[in-house]
Amino acid sequence: MKLAAVFIPLLFAVPVQAQRFYTYLLDLGPDYVELAWGTVDGVNTIGRSSASHGPATIHIAGKTIGSRANYVTVGSLEPDHDYTYDVSIGPTKVGAGQFRTWPAQTNKLVFFVIGDYGTGQEPQFSVARAMWEEFQRRAQTGNPVRFMLSMGDNIYGNINTFLIGVSHTGAEDKDWGPKFFGPYEPLLARIPFFGTLGNHDGNETESHRDLGAFLDNFPFPGGKPGRYYAFTFGGLAKFVALDSTKNTESGPPRPFFLEGGEQFQWMKREFAKPHPAWIIPFCHHPIFNAGPFHPPALHDLQHWFDLFSASGVKVAFSGHEHNFQVSEANSVTHGIRFVVSGAGGELRPGSVQSVMKQANIALWAPQNHFLVVEIEGKTMSITPVSFVPMEVRDANGQIAKLPVVVQLP
């Protein structure tokens, strides 16, 4: 019996050199980085709670650091400085990358926005390749891409028409390889990907266990997983991630966004704090939206909308509808541009042109894409990018001039 007890774990152990490791940034700031690594070959093999793959050695900034956990935080770095790193487990190198720390103060920023992407299908990979090309194009300039923002629906389940069910919904780490860590591998090794929850990231549409996997696997500012959070960049902009879903960790789905809920109480405190000129909320469900499949979320999120307006918000990002849309900045929208980017992998090609004016939508494109967002001082430029040329049209069907510009007073 003793021989069997020793022999069985050895029989099923997978050598480190035979496994596919992913290395990614959990967090980044002006003077620190948090790195993580893991595999998607088994149960809970990547993420904060994953079992150690063994003692790791990290080389970075002229230092050699050890970690038994599958992540490490490295401090005392210089702001706006390039660093390289590598990670080894025992004698085997399992990952490497490079990154640039954030500036302590700045008047410029570039970041990516993508939503509704985690399909594991070719459109997702084509958009991911376009993102990597854009990242590389800007990497050696004075204004590189600093992070990515997810608008939710990070992992879609596979629909099985024979069994009439959904599988591989994101509840297990093995679901994340082809739908997250694989497509964005070179980006994840260089910049953090801060996320929000979509209805497919929990039991609003799929499995309640998806929510726990999201909180375990995704990067978060300050290394603190949460369904809502905020972070600032270089004294220029404050970003507020919000959960507009009905996902629950157990029991039936129920709204997490209610006016009397804990999230909105936090929102009121957070938006009341002194903040930079730009304050930018992002979530999954769009407050203004012309469809063609989903209605606008204004009825459910009126209290959010009123808070945005009272807090000086001029632009907000969301996903959910599988196309690109930009609202009017008028009296109905309280002068806020609501931007929908929900076609990072999924796509809904149906036309919305006939209802755009009544929905207060100024621009629309039924194409897979991501957004390049650039801030310089009080001016924001938003450019949708795809693996084919974008054709963005206005409510009259005319080709629109890009980028979309948002201007602070």
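The values are calculated or read from the model by the stated rules, or taken from the named source; none is laboratory data. These numbers come from a predicted model, not from an experiment. Glycine also receives a Cβ, built like all others from the backbone with ideal geometry; neighbour counts cover every protein chain displayed. Ligands, DNA and RNA are excluded from the accessible area calculation, which covers all protein heavy atoms including side chains. Shrake-Rupley method; radii C 1.70, N 1.55, O 1.52, S 1.80 Å.
Once amide H atoms are built 1.01 Å from N in the peptide plane, which residues 5 or more positions from Ile60, or in another chain, come under 5 Å H to H?
Ile65
Averaging sequence separations of C-alpha pairs under 8 Å and six or more residues apart, then dividing by the length of the chain, give the relative contact order as a whole percent.
14
Can you give the relative contact order of segment 103-236 as a percent, counting alpha carbon pairs under 8 Å and 6+ residues apart? Before the final figure, lay out each step's value.
Values: 221 pairs, mean separation 38.4, N = 134.
About 29 percent, as a whole number.
Explain nothing, just the number: dipole magnitude of the chain about its Cα centre with +1 on each Lys and Arg Cβ and -1 on each Asp and Glu Cβ, in debye rounded to the nearest 20.
Values: 31 positive and 36 negative charges, 111 e Å.
The dipole of the chain has a size of about 540 debye.
Using a Gaussian network model of the chain with C-alpha springs under 10 Å, which one of Asn158, Asn44, Asn330 is most mobile by mean-square fluctuation?
With Cα springs under 10 Å in the chain, the top fluctuation among Asn158, Asn44, Asn330 is at Asn330.
Which lysines does Lys224 reach when only Cα atoms under 21 Å apart count, and residues fewer than 8 places away in its own chain are ignored?
Filter leaves Lys238, Lys268, Lys273.
Residue separation times 0.36 nm, minus the C-alpha to C-alpha distance between Trp132 and Gln98: what's the value? Provide the component values of the computation, followed by the final result.
Details: separation 34, 0.36 × 34 = 12.24 nm, distance 1.40 nm.
Residue separation times 0.36 nm, minus the Cα-Cα distance, leaves 10.8 nm.
Express the accessible area of the chain per residue in Å², computed with a 1.4 Å probe while the remaining protein chains stay in the model.
On the way: 16930 Å² over 409 residues.
Computed with neighbouring chains in place, this is 41 Å² per residue.
Among Thr248, Thr84, Thr23, which one shows the biggest mean-square fluctuation in a GNM of the chain, springs joining Cα atoms closer than 10 Å?
Per the Cα network of the chain with a 10 Å cutoff, Thr84 tops the list.
Sort 227-235, 249-257 for me by packing, meaning the mean count of neighbouring Cβ atoms within 10 Å per residue, highest on top.
On the way: 227-235: 18.6, 249-257: 13.6.
Those peptides, ordered most packed to least, come out 227-235, 249-257.
Using a 1.4 angstrom probe on heavy atoms only, work out the carbon and sulfur share of the accessible area of the chain in %. Please report the intermediate quantities before stating the final value.
Working: 9300 of 16930 Å².
So the carbon and sulfur contribution to the accessible surface is 55 percent.
At a Förster distance of 56 Å, what's the computed FRET efficiency of Asp216 paired with Asn396, Cβ-Cβ distance as r, to 0.05? Numbers along the way, then the final one.
Working: r = 47 Å, r/R0 = 0.84.
After rounding, the FRET efficiency stands at 0.75.
For segment 180-244, what's the relative contact order in percent, using C-alpha pairs closer than 8 Å and at least 6 residues apart?
Numbers: 69 pairs, mean separation 17.3, N = 65.
Result for segment 180-244 is 27 percent.
From the residues Gly170, Met148, Pro123, which one has its Cα farthest along the dipole of segment 122-174 in the positive direction, the dipole being from +1 and -1 charges on Cβ of Lys/Arg and Asp/Glu about the Cα centre?
Positive-end residue among those listed: Met148.
Cβ under 12 Å from Phe111's Cβ, Phe111 left aside: what net charge do those residues give with Lys, Arg +1 and Asp, Glu -1? Please list the in-between numbers first.
Numbers: positive: Lys108, Arg138, Arg146; negative: Glu134, Glu374.
Charge balance near Phe111 sits at +1.
What is the gain in length, in nm to one decimal, between Gln353 and Ala69 on full extension, counting 0.36 nm per residue of separation less the C-alpha to C-alpha distance?
Working: separation 284, 0.36 × 284 = 102.24 nm, distance 5.19 nm.
Result for the pair: 97.1 nm of gain on full extension.
Roughly how far apart, in whole Å, are the Cα centres of segment 107-151 and segment 312-389?
If we compute the Cα centre of each part, the gap is 16 Å.
At Asp31 and Gln265, where each label point lies 7 Å from the Cα along Cα→Cβ, what is the point-to-point distance in nanometres?
3.4
Of the candidates Pro366, Pro274, Pro186, which one comes out as most mobile in a Gaussian network treatment of the chain with C-alpha springs shorter than 10 Å?
Pro274
Quick one: if you stick a label point 7 Å off each Cα along the C-beta vector at Ile159 and Ser49, how many nm between them?
About 3.0 nm separates the two model spin labels.
Please give, to one decimal in nm, the separation of the simple spin-label points placed at Asp41 and Gln407, each 7 Å out from Cα toward the Cβ.
Those two pseudo-labels are separated by 5.7 nm.
Give the aspartates and glutamates whose C-alpha is closer than 16 Å to that of Lys314, dropping any in the same chain fewer than 8 places away, or say none.
Asp306, Glu328, Glu374, Glu376
Please compute the net charge surrounding Phe233, taking Lys and Arg as +1 and Asp and Glu as -1 over other residues with Cβ under 11 Å from its Cβ.
+3
Roll a 1.4 Å probe over the protein heavy atoms and report the accessible area of Ser76 in Å², nearest 10.
Result for Ser76: roughly 110 Å² accessible.
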